[in-house]
Structure formats: structure tokens, C-alpha cells
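A.B. asks: Below is a structure I'd like to ask you about.
The values are calculated or read from the model by the stated rules, or taken from the named source; none is laboratory data. Keep in mind that what you see is a predicted model, and the values were worked out from it rather than measured. Counting neighbours? That spans all protein chains shown, and the Cβs are built from the backbone with ideal geometry, glycine included.
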Amino acid sequence: MIADSKKGQFEAVMVHKGDRFARSRNLAREVRKGLLQKARNCLYTGGNLPLGYDVDPETQKFILAKNEDEIKTVQMIFRMKKENYGFTEIIRALEEKGLNKSKKGNPLSKSAINWLLHNERYTGLYIYDRLSAKGANGRNGHLFKNEDEMIRIEGGLPQIIDKQTFDEVQELMIKNRKRNGRFHKKYPVLLTGLLECECGYSYFNCYRKERPGHKAYSSYHCSYKSSHKIDRCNNKGIEQTSLDDAVLDLLYKHFYEDITTITQKLNDYRQEKIDSLGADLQTLKKQITANEIKVKNIVEAIAQGMSNPAMFDRIEELELERDHLENKLDEASKVENTAAISEDEVRSILEKTKELVRTKNIPEVQRFIHKYIHKVVVHKESVKVTFNVAFSFCGKSSATYRFTKELGREELKDRQYQIRKAV
């Protein structure tokens, strides 16, 4: 090899190899550049299509699927999950309607439904370049880049699910992840995940099976008291049925029989939101003006012959930024012009669940209780229940009203005695 290198032959081989690798790298850069350009125009860049979408063969833009059953499937999945149905129940309902099919015609699995429910594209958001780069162990399909590193364009796809429904489903799934055990119990437990002790720890459910001389007994207890032998919390447990029953009575009384107060409080919150929008609208208008000036300056520079590729890339970035600002301005303007909430509108929402609460249908109430109860804090002498009601307007903003009611522990003991007596 040394003799060859003196003749210059070894050096020539190295140059040849280097040129070959450089060409591959350059080709990869050009392909990447072309894909990014297509993505900025919200075009199809390859890969499997999400259920509910097709691609226009001429424009390469995403369109709603020609097979309307795909769209119905997606909408039904989100609607049922919003009502807190599990994956098994969703699959069963889809099968009954003949809709449980993927893009390729295969039955939808639980993991496929879970992925679908997390897919922001259904809100009309175009996303590209989401996955993180390959590491030492290859690419991780669950590891994403920061949002500012992706290409994200609102309105880049036809919308199948509204943003509010999507956000509500995400929030619900996060809550269920923290307290999913309550849905697998053989007996209904209403308040798991909502109960807190005054010491700051959560309350959990305990169940004692029926045995000779003793009836079955279910109660809530402080998790700190149960797990710490030193400095234990001295807050006592509380019988489950009497507390569940009392909370539902409060919910019925203050939600379904006090519509006027709830409507007034929601409108007060809505007005506060509108009053605070003045400064936001002015800021957005200034940002749009500043954006337009930047674009104008670059265009003038190009007209004077000072053009380079970086300038055109910068114009594209500014145009995307302006679209984003104009969308925010449009949303804020809609909120400012929204009408007041009426009692009939509030009543129509609450009527859907009124009968279930009145009859204390615990399995069904479990599905929506988190929407109306923020938390239940157990004190030594009392129990404080914080209720929550939210009303959306303009699709994306919501007015929220929270209030707290208190129950005495002695009152719960009396209720427990009455329940046992009835049994």
C-alpha cells in the first residue's frame, strides 16, 4: 500500500470514494428540500393515509375520503370517547354498524383507535416532520420534536373533528390514565380520582367482602394515612354509598334546579373574557402590521437585485406567521362578537344528564361526573364539593363557573344510618 501511495494510486481511490458519498449526501439534501417544500404547501408527502382522508391525484392535496363510512367511523369514535366509553365498547358499537374497518379494510384494534384519538390532523391541522431524528438505537416512533421544529399549518387539511371536541377528548384520556382502575372494578365507585384529603393526599376506595356476621362494606380512606406509620393523617375514612349519594343530591339541587344562577355566572365570566380581549386585539394587529413591513422590505430588496435563496425562504416563513396571526385575530374577533348565553342553552345541555343523576345511575354518571365536579375535599368535620360547569362559545373558547358547597360529616353519618336501615 505504501508503494502504491507513492505512485498516487491510493490517493485517487480515496478521492473517488469521497465524491461518491458527497453525491449521496447532496441527493438526500435535495430530496429533503423537495419534501419540505411540498409540506409547506400542505401537499401529500407519502406514507399511509389517516382514516377519513384521500389524496387528490391532480393537486396532491388532502381531501375527505370518498368512502363516507370512513368519516362516520372517525366521528363516531370521537363522539363515544367524549362520552367516556372504553375502547372495547367503541369497537362493539362500530361492529354493530359495520364501521369497524381500517383504511385497508382490516378490523380496527384498540391501539389503532388510541392512535386515531391522538391524531391532531382530524382538527384540520397539517403536520410534517414530527418524529425526532434517529438515535443510536434507530428511530423511536413515539418520540416527537418540539412543536416549533415541526411544520404545523392550521387549516391545511379538511376538518373532520372540531378543535373543542378533540381537546375535551385529550383531557379526558389524561384524567382516565390517572384513575383508570375505577372502570375495572366489579362494583361502581363514583368519586375515585376526585376525592382529596385536607392533608393534600388523595382518598382511595376500599372494599370489604361480605362474610358471616358482616355485610359487604365499601369506604374511602386517605392514602397518606394508609401508607405512613409515622406522622399519620388522623382524618377518618368515610362510607362510600352515603358520600356518593350526598354528592349526587347536591349536584342535582345546584345544577338542575338553579339554572338562572349558573347562566348569570357564565355570562359574567364571558364578559370578563371579552373585556380582556381589547389589549390582545391591538397586540395582534400590531404584530400583523410589523409582519407586513418585513415582507415589503424583503420584496423591495429583491426588486433592487439583492436576491438570494434565503430571502425567498424568509418570505415563506413570514407568510406562515401572518396566516397564524390572522387566524388568532379572527378567533378573538368572534369571541368579542358572541351573543350572551341563554338559560335555554344551559338547560338543554344539562337536561341530557338530569335523569341519570336523579335516579342515581352510578355506572352511567361515572362517564360524565368529571365534567361537573372539580374535586371533593374531605375534612375532619365536613366535606367540601367544588362543582364546575363550562359552556363553549365560538367553538374554541369557553366560559367556566365554579362554586363550592359543604356537607357536615354528621349529616353523612345520618344518611349512612338511613341507607342501612332501608337495606
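A.B. asks: Can you find, within the stretch 68-85, the residue that is nearest to ASP167 (Cα to Cα) among those that are surrounded by fewer than 20 Cβ atoms within 10 Å (Cβ to Cβ) and in contact with a Lys or Arg (Cβ under 9 Å, 6 or more places away or on another chain)?
C.D. replies: GLU83
A.B. asks: Which of the residues that make up the stretch 190-207 are in a loop (DSSP other than H, G, I, E, B), more than 22 Å from GLU381 (Cβ to Cβ) and either free of Cβ contacts under 8 Å to residues at least 24 places away in the same chain or not small (Gly, Ala, Ser) (or both)?
C.D. replies: Across the stretch 190-207, the qualifying residues are LEU190, THR192.
A.B. asks: For the stretch 28-60, enumerate the residues that are part of a loop (DSSP other than H, G, I, E, B) and without any contact (Cβ under 8 Å) to a residue 60 or more places away in the chain.
C.D. replies: Residues satisfying the conditions are ASN41, TYR44, GLY46, GLY47, ASN48, LEU49, ASP56, PRO57, GLU58, THR59, GLN60.
A.B. asks: Of the residues in the stretch 219-264, how many are of a type in the set (Lys, Arg) and at pLDDT 80 or above?
C.D. replies: Residues in the stretch 219-264 being of a type in the set (Lys, Arg) and at pLDDT 80 or above: 2 in total.
A.B. asks: How do the pairs read when you match residues in the stretch 396-414 that are within 30 Å of GLU154 (Cβ to Cβ) and assigned to a helix (DSSP H, G or I) with residues anywhere that are at pLDDT below 90 and of a type in the set (Val, Ile, Thr), using Cβ under 7 Å and keeping only pairs 6 or more apart or on different chains?
C.D. replies: As it stands, the answer is none, since no pair meets every condition given.
A.B. asks: If ILE373 meets every condition in (1) modelled with pLDDT of 75 or more; (2) out of contact with any Phe, Trp or Tyr (no Cβ under 7 Å at 6 or more places or on another chain) apart from one, which number is that one?
C.D. replies: Going through the list (1) modelled with pLDDT of 75 or more; (2) out of contact with any Phe, Trp or Tyr (no Cβ under 7 Å at 6 or more places or on another chain), ILE373 breaks only (2).
A.B. asks: Can you find, within the stretch 251-267, the residue that is farthest from VAL383 (Cα to Cα) among those that are in contact (Cβ under 8 Å) with a residue 12 or more places away in the chain and not hydrophobic (A, V, I, L, M, F, W, C)?
C.D. replies: Once the filter is applied, the top-ranked residue is ASN267.
Residue by residue, here is whether (1) under 28 Å from the mean Cα position of the chain (by Cα); (2) under 30 Å from ARG121 (Cα atoms); (3) modelled with pLDDT under 85 holds:
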position	(1), (2), (3)
VAL189	yes, no, yes
LEU194	yes, no, no
TYR201	yes, no, no
TYR207	no, no, yes
ALA216	no, no, yes
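A.B. asks: Which members of the stretch 232-269 meet the condition of being among the acidic types (Asp, Glu), surrounded by fewer than 18 Cβ atoms within 10 Å (Cβ to Cβ) and part of a helix (DSSP H, G or I)?
C.D. replies: ASP249, ASP268
A.B. asks: Looking at the stretch 99-125, which of its residues are touching a strand residue (DSSP E or B) at 6+ places or on another chain (Cβ under 7 Å) and either of a type in the set (D, E, K, R) or in contact (Cβ under 8 Å) with a residue 40 or more places away in the chain (or both)?
C.D. replies: Within the stretch 99-125, GLU120, ARG121 meet the criteria.
A.B. asks: Next question. Is the stretch 106-122 home to any residue that is assigned by TED's automatic domain parsing to the domain that holds ARG152, in contact with a helix residue (DSSP H, G or I) (Cβ under 9 Å, 6 or more places away or on another chain), of a type in the set (Phe, Trp, Tyr) and under 18 Å from GLY52 (Cα atoms)?
C.D. replies: Checked against the condition, which is being assigned by TED's automatic domain parsing to the domain that holds ARG152, in contact with a helix residue (DSSP H, G or I) (Cβ under 9 Å, 6 or more places away or on another chain), of a type in the set (Phe, Trp, Tyr) and under 18 Å from GLY52 (Cα atoms), the stretch 106-122 yields at least one hit.
A.B. asks: Is the stretch 301-309 home to any residue that is touching a helix residue (DSSP H, G or I) at 6+ places or on another chain (Cβ under 8 Å), in contact (Cβ under 8 Å) with a residue 24 or more places away in the chain and on the phi < 0 side of the Ramachandran plot?
C.D. replies: No, the conditions are met nowhere in the stretch 301-309.
A.B. asks: Could you tell me which numbered condition THR88 fails, if it satisfies all but one of (1) of a type in the set (Ser, Thr, Tyr); (2) surrounded by fewer than 15 Cβ atoms within 10 Å (Cβ to Cβ); (3) touching a Phe, Trp or Tyr at 6+ places or on another chain (Cβ under 9 Å)?
C.D. replies: (3)
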